[in-house]
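**Student:** Questions regarding the structure given below will be posed in turn.
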Amino acid sequence: MNSEAQGVGRIDDFTVFVDGALPNEVVQVKINSVKKNYAAADLLDIINKSKDRVEPRCPIYKDCGGCQLQHLSYEAQLKWKRRQIVDAVTRIGKIDVPVSETIGMADAWHYRNKMQFPVGKVKGEVKIGCFAKSSHQIIDTNSCLIQRPANDLILAAARKVINKFNISVYNEDRHRGTIRHIMGRAGADETMLVLVTSKENLPNEKSIVLALRSELPNITSIPQNIQTYHNNVVLGRDSKILYGKRSIKDRIGDLEFNISARSFFQVNTKQAEKLYQTALDFADLKGHETVIDAFCGTGTITLFLAKRARRVIGIEIVSPSIADAKLNARINNIRNAEFIVGDATAVMPKLRVRPDVIVLDPPRAGCDQKLLAGVANMRPANVVFVACNPATLARDLKIMETTGYKTKIIQPVDMFPFTSHVESVALLTLKR
């Protein structure tokens, strides 16, 4: 399988990508697209099945694009995700590094604390759910098996109220209509329903909020997020509170976090604790160190580091996330963490500190070369890399290996069961 979980077959050295096919299977397919160097095909029949093939639990799995691996046993998913990292660091990074077995979940269902589903209309009927693969066709969803149950309740309430008040639904081609997305956030005890709208004015606002509260009597927060741009970005810059608090609470380990509508927070809380514990173990802190967390978000990793370091500096370019990070430090009574708004590339050289450890948790695009050069110039003893994209991780590790650092180990963590995504933590040490 390739990195998008498609089966990769060959006909006379010509590559064919097949959705739903697994390694070691013989399958009958129908070619639907031919390019110069490859073709794509639909799976018609499985002649010889893989021993790892299982029956998907979700009734809309074959249509929905939210999951890619429900037809593969969970044990085999963990092995395949490790293989993605091994292949990337070998082929792209050109480095030889031990890659541990993937850390999985005892129960891999109902893990997502965040839901964001587009809203549309088909033949006059409101549709809310994931997009079908490689399209903007909305697959209507009543219950999602990888969401926390509270998000299913939010989805059902939103659908009922949109229909009750005949709220206009966004049409992305015409850039018309009010409701664009429904977002749900489900904390340990508190929940948030975010109405993402194409304009600030929400007709019947008070009646809509009363109806949502009636459907969801335990709801903690109902913000409205305004996304006016004609693009595919889910959230806009501005939000206002229609009911309740600005944020909800959730926990990772023994730390409590406030999460607002636009906050970045790991969607799998249980696995986030394992991910951050791995990063903390790799940092190997003794209590006297200065640490920089270069993509700190709402301060999740920063506060874990602060429990073992003398001083931790979190840097984040999104100012609302820094506001949440400062609040999270206060509510956890952590006083040795400070937070700075800005681009880490520009901020780090101005700090005038010699960090013992730098933690990097970049977006999927990875780090730019200027940032990596800045990290190398500061000469920390350890660099801990948290990555959600094996390809960009391999590329960035290759660059760091030219600056005097050695990649010691990579630990994959399955943050997104039944999807093709895999998170990992890499440890780099300064060559003596």
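The values are calculated or read from the model by the stated rules, or taken from the named source; none is laboratory data. Everything numeric in this text was worked out from a predicted model, so none of it was measured. Counting neighbours? That spans all protein chains shown, and the Cβs are built from the backbone with ideal geometry, glycine included.
**Student:** Just give me the residues in the stretch 303-335 being of a type in the set (S, T, N, Q) and under 18 Å from the mean Cα position of the chain (by Cα), in sequence order. Full working, then the answer.
**Tutor:** Taking the stretch 303-335 and keeping what is of a type in the set (S, T, N, Q), we get 319, 321, 328, 332-333.
Ser321, the sole residue that qualifies.
**Student:** Could you tell me which residue of the stretch 390-406 is nearest to the chain's Cα centre (by Cα), considering only residues that are surrounded by fewer than 21 Cβ atoms within 10 Å (Cβ to Cβ) and within 11 Å of Cys367 (Cβ to Cβ)?
**Tutor:** Filtering the stretch 390-406 down to residues surrounded by fewer than 21 Cβ atoms within 10 Å (Cβ to Cβ) leaves 391-392, 395, 398-399, 401-404, 406.
With within 11 Å of Cys367 (Cβ to Cβ) added as a condition, the list becomes 392, 395, 399.
Numbers: Thr392: 15, Arg395: 20, Ile399: 25 Å.
Restricting to residues being surrounded by fewer than 21 Cβ atoms within 10 Å (Cβ to Cβ) and within 11 Å of Cys367 (Cβ to Cβ), the top hit is Thr392.
**Student:** Which condition breaks for His175 when tested against (1) assigned by TED's automatic domain parsing to the domain that holds Cys144; (2) surrounded by 15 or more Cβ atoms within 10 Å (Cβ to Cβ); (3) not aliphatic (A, V, I, L, M)?
**Tutor:** His175 satisfies every listed condition except (2).
**Student:** Please verify whether Asn389 is within 21 Å of Val291 (Cα to Cα) and polar (S, T, N, Q), treating the condition exactly as stated. Working first, answer last.
**Tutor:** Values: within 21 Å of Val291 (Cα to Cα): no; polar (S, T, N, Q): yes.
The answer is no for Asn389.
**Student:** Still on this structure, I have one more. Based on this model, can you work out whether Arg91 counts as closer than 21 Å to Gln411 by Cα and free of Cβ contacts under 8 Å to residues at least 24 places away in the same chain?
**Tutor:** Numbers: closer than 21 Å to Gln411 by Cα: yes; free of Cβ contacts under 8 Å to residues at least 24 places away in the same chain: no.
Taking the combined requirement at face value, the residue does not satisfy it.
Let's see how each residue does on (1) in contact with a strand residue (DSSP E or B) (Cβ under 8 Å, 6 or more places away or on another chain); (2) among the aromatic types (Phe, Trp, Tyr); (3) within 29 Å of Asn204 (Cα to Cα); (4) part of a loop (DSSP other than H, G, I, E, B):
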{"site": "Pro59", "(1), (2), (3), (4)": "no, no, no, yes"}
{"site": "Leu69", "(1), (2), (3), (4)": "no, no, no, yes"}
{"site": "Ile95", "(1), (2), (3), (4)": "yes, no, no, yes"}
{"site": "Ala108", "(1), (2), (3), (4)": "no, no, no, yes"}
{"site": "Phe131", "(1), (2), (3), (4)": "yes, yes, yes, no"}
{"site": "Ser135", "(1), (2), (3), (4)": "no, no, no, yes"}
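**Student:** Determine which single condition Arg330 fails, assuming it passes every other condition in (1) within 18 Å of Arg251 (Cα to Cα); (2) in contact with a helix residue (DSSP H, G or I) (Cβ under 9 Å, 6 or more places away or on another chain).
**Tutor:** Of everything listed in (1) within 18 Å of Arg251 (Cα to Cα); (2) in contact with a helix residue (DSSP H, G or I) (Cβ under 9 Å, 6 or more places away or on another chain), Arg330 misses just condition (2).
**Student:** Follow-up question, since we're still on this one. Specify which of the listed residues (Ala188, Ala150, Ala156, Ala132) is crowded, with 20+ Cβ neighbours inside 10 Å and either under 20 Å from the mean Cα position of the chain (by Cα) or at pLDDT 95 or above (or both).
**Tutor:** Ala150
**Student:** Filter the stretch 130-184 down to the residues that are on the phi > 0 side of the Ramachandran plot and touching a residue at least 60 places away in the same chain (Cβ under 8 Å) and list them by number.
**Tutor:** Of the residues in the stretch 130-184, the ones on the phi > 0 side of the Ramachandran plot are 134, 166, 175, 177.
Hit for the stretch 130-184 is Ser134, nothing else.
**Student:** Only one residue in Val16, Val89, Val8, Val29 is touching a Leu at 6+ places or on another chain (Cβ under 8 Å) and in a strand (DSSP E or B). Which one? Write out each step before concluding.
**Tutor:** Working: Val16 fails: touching a Leu at 6+ places or on another chain (Cβ under 8 Å); Val89 fails: in a strand (DSSP E or B); Val8 fails: touching a Leu at 6+ places or on another chain (Cβ under 8 Å).
None of the others qualify; the one that does is Val29.
**Student:** For the stretch 36-57, what are the residues that are assigned to a loop (DSSP other than H, G, I, E, B) and small (Gly, Ala, Ser)? Let's see the steps before the verdict.
**Tutor:** Let us first name the residues in the stretch 36-57 that are assigned to a loop (DSSP other than H, G, I, E, B), namely 36-37, 49-52, 54-57.
If the condition is that a residue be assigned to a loop (DSSP other than H, G, I, E, B) and small (Gly, Ala, Ser), then Ser50 is the only one that fits.
**Student:** State whether one or more residues within the stretch 161-179 are under 21 Å from the mean Cα position of the chain (by Cα) and closer than 23 Å to Ile219 by Cβ. Give the derivation first.
**Tutor:** Of the stretch 161-179, the ones under 21 Å from the mean Cα position of the chain (by Cα) are none.
No: the stretch 161-179 contains no residue that is under 21 Å from the mean Cα position of the chain (by Cα) and closer than 23 Å to Ile219 by Cβ.
**Student:** Does the stretch 339-351 include one or more residues that are more than 21 Å from Glu101 (Cα to Cα), among the hydroxyl-bearing types (Ser, Thr, Tyr) and surrounded by fewer than 18 Cβ atoms within 10 Å (Cβ to Cβ)? Explain how you work it out, then say what you get.
**Tutor:** The initial filter retains those residues of the stretch 339-351 that are more than 21 Å from Glu101 (Cα to Cα), namely 339-351.
Those left that are additionally among the hydroxyl-bearing types (Ser, Thr, Tyr): 345.
So of that shortlist, the ones also surrounded by fewer than 18 Cβ atoms within 10 Å (Cβ to Cβ) come out as none.
No, the stretch 339-351 has no match at all.
**Student:** Looking only at the stretch 277-297, count how many residues are in contact with a Gly (Cβ under 9 Å, 6 or more places away or on another chain) and either more than 20 Å from Leu351 (Cα to Cα) or not assigned by TED's automatic domain parsing to the domain that holds Ala365 (or both).
**Tutor:** 1
**Student:** Follow-up question, since we're still on this one. Restricted to the stretch 368-387, and to residues that are in a loop (DSSP other than H, G, I, E, B) and modelled with pLDDT of 95 or more, which residue is surrounded by the fewest Cβ atoms within 10 Å (Cβ to Cβ)? So that I can check it myself, show each step before the final result.
**Tutor:** Initially, the stretch 368-387 is screened for residues in a loop (DSSP other than H, G, I, E, B), giving 368, 379-381.
Right, trim to modelled with pLDDT of 95 or more and you get 379-381.
Values: Arg379: 14, Pro380: 23, Ala381: 16.
By that ranking, first place goes to Arg379.
**Student:** Within the stretch 163-202, work out how many residues are in a strand (DSSP E or B) and not charged (D, E, K, R). Break it down stepwise before answering.
**Tutor:** Going residue by residue through the stretch 163-202, those that are in a strand (DSSP E or B) are 169, 171, 176, 179-186, 191-197.
Retained after the next criterion (residues that are not charged (D, E, K, R)): 169, 171, 179, 181-184, 186, 191-197.
Matching residues across the stretch 163-202 total 15.
**Student:** Right, next: Taking only the stretch 291-342 into account, find how many residues are among the acidic types (Asp, Glu) and in a helix (DSSP H, G or I).
**Tutor:** So in the stretch 291-342, the residues among the acidic types (Asp, Glu) come out as 293, 316, 324, 338.
Checking the rest, the ones that are also in a helix (DSSP H, G or I) come to 324.
Number of matching residues: 1.
The rows are residues; the columns are (1) among the aliphatic types (A, V, I, L, M); (2) surrounded by 19 or more Cβ atoms within 10 Å (Cβ to Cβ); (3) touching a helix residue (DSSP H, G or I) at 6+ places or on another chain (Cβ under 9 Å); (4) under 27 Å from Pro412 (Cβ atoms).
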site	(1), (2), (3), (4)
Thr228	no, no, no, no
Lys249	no, no, yes, no
Asp254	no, no, no, yes
Ile259	yes, yes, yes, yes
Ser263	no, yes, yes, yes
Ala272	yes, yes, yes, yes
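**Student:** May I ask you to list the residues in the stretch 110-124 that are modelled with pLDDT of 95 or more and assigned to a loop (DSSP other than H, G, I, E, B)?
**Tutor:** His110, Tyr111, Asn113 - these are the residues of the stretch 110-124 that are modelled with pLDDT of 95 or more and assigned to a loop (DSSP other than H, G, I, E, B).
**Student:** Restricting to the stretch 1-35, name every residue that is in contact with a Ser or Thr (Cβ under 6 Å, 6 or more places away or on another chain) and either aliphatic (A, V, I, L, M) or farther than 21 Å from Val86 by Cβ (or both).
**Tutor:** Step one: list which residues in the stretch 1-35 are in contact with a Ser or Thr (Cβ under 6 Å, 6 or more places away or on another chain), which gives 4-5, 22, 24-25.
Correct list: Ala5, Leu22, Glu25.
**Student:** Restricting to the stretch 177-234, what's the tally of residues that are of a type in the set (Ser, Thr, Tyr) and farther than 21 Å from Asn166 by Cβ?
**Tutor:** 5
**Student:** Quick test of your reading of the structure: Arg308 fulfils all but one of (1) among the basic types (Lys, Arg); (2) outside the structural domain of Leu371 (by TED's automatic domain parsing); (3) in contact with a Leu (Cβ under 9 Å, 6 or more places away or on another chain). Name the failing condition by number.
**Tutor:** Unmet for Arg308, out of (1) among the basic types (Lys, Arg); (2) outside the structural domain of Leu371 (by TED's automatic domain parsing); (3) in contact with a Leu (Cβ under 9 Å, 6 or more places away or on another chain): (2).
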